[in-house]
1. Tell me, which strands (runs of 3 or more DSSP E) lie completely within segment 1-40 with 1 or more residues that are touching a Lys or Arg at 6+ places or on another chain (Cβ under 7 Å) and at pLDDT 95 or above?
2. Within segment 22-54, track down each residue that is closer than 24 Å to GLY142 by Cβ, of a type outside the set (Gly, Ala, Ser) and buried (at least 19 other Cβ atoms within 10 Å of the Cβ).
3. Quick check, is ALA57 small (Gly, Ala, Ser), out of contact with any helix residue (DSSP H, G or I) (no Cβ under 7 Å at 6 or more places or on another chain) and either within 30 Å of GLN5 (Cβ to Cβ) or surrounded by fewer than 17 Cβ atoms within 10 Å (Cβ to Cβ) (or both)?
4. Could you list, in sequence order, the residues of segment 145-164 that are under 14 Å from the mean Cα position of the chain (by Cα), in a helix (DSSP H, G or I) and either of a type in the set (D, E, K, R) or farther than 18 Å from ARG60 by Cα (or both)?
5. Specify which of the listed residues (GLY100, GLY131, GLY142, GLY167) is among the small types (Gly, Ala, Ser) and closer than 19 Å to LYS40 by Cβ.
6. Out of the residues in segment 58-71 that are closer than 20 Å to GLU104 by Cβ and of a type outside the set (Val, Ile, Thr), which is nearest to the chain's Cα centre (by Cα)?
7. With surrounded by fewer than 19 Cβ atoms within 10 Å (Cβ to Cβ) and in a helix (DSSP H, G or I) as the only criterion, which of GLY142, GLY167, GLY129 stands out?
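The values are calculated or read from the model by the stated rules, or taken from the named source; none is laboratory data. Owing to the predicted nature of the structure, the values given are computational and were not obtained by experimental measurement. Virtual Cβ from ideal backbone geometry, glycine too; neighbours counted across all protein chains shown.
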Amino acid sequence: MQMWQVIQDENDGRRGRIVGPLLDAPCSLGRAGFVAAAQKKEGDGKTPAGAYPFRRAFYRPDKIIAPVCRLDVAAISPEFGWCDDPSSPDYNKLVRLPFGASHEKMWRDDALYDLVLVIGHNDDPPVPGLGSAIFVHIAKEGFSPTEGCIAVTESALLTLLRAVKPGDQLKIG
């Protein structure tokens, strides 16, 4: 098992570095910094500290070719969403749109979810309200803060996907 680590910047809790085998790259974090996983709340803008397995990857096939990865990889379509409604039985799960409960669209107008690595935060089983859709995804220009995810450049994410394998983990904090 290999371990990657997200290290928070000492001067700006909304930024950091993701470090591991073959990778040392800047990243952006939640707009409110880190929080212990047990204190994470839906919509708080915090990145949950803890150690999480890598689950699977998604890519947008009209913009990116399928990445080389030893995890399950799937192409997204405009019908893909991710439920963020704590009252839904589909909370913190991939869903098909249209979908009645609150959700994020995976097919976005910006490039953030053109490539996504899902980590195992609050998913086995999901606990309503403890946070959903915590991903490693593509960063905005200038590494502006996320809503709780870890964001890196596309090239750093491709490097991570090539290196990660089932059983590997991401330690945040």
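1. Those strands (runs of 3 or more DSSP E) span 3-8, 23-28.
2. CYS27, LEU29, PHE34, VAL35, LYS46, THR47, PRO48 - these are the residues of segment 22-54 that are closer than 24 Å to GLY142 by Cβ, of a type outside the set (Gly, Ala, Ser) and buried (at least 19 other Cβ atoms within 10 Å of the Cβ).
3. In short, no.
4. Within segment 145-164, just GLU154 meets the criteria.
5. GLY131
6. Checked segment 58-71; the qualifying residue nearest to the chain's Cα centre (by Cα) is PHE58.
7. Unique residue meeting the criteria: GLY142.
Residues are listed down the side, and each one gets a yes or a no for (1) in contact with a Cys (Cβ under 9 Å, 6 or more places away or on another chain); (2) closer than 26 Å to ARG17 by Cβ; (3) modelled with pLDDT of 95 or more; (4) among the aliphatic types (A, V, I, L, M):
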{"site": "LEU94", "(1), (2), (3), (4)": "yes, no, yes, yes"}
{"site": "GLY100", "(1), (2), (3), (4)": "no, no, yes, no"}
{"site": "TYR113", "(1), (2), (3), (4)": "no, yes, yes, no"}
{"site": "ASP124", "(1), (2), (3), (4)": "no, no, yes, no"}
{"site": "GLY129", "(1), (2), (3), (4)": "no, no, yes, no"}
{"site": "ILE138", "(1), (2), (3), (4)": "no, yes, yes, yes"}
{"site": "ASP168", "(1), (2), (3), (4)": "no, yes, yes, no"}
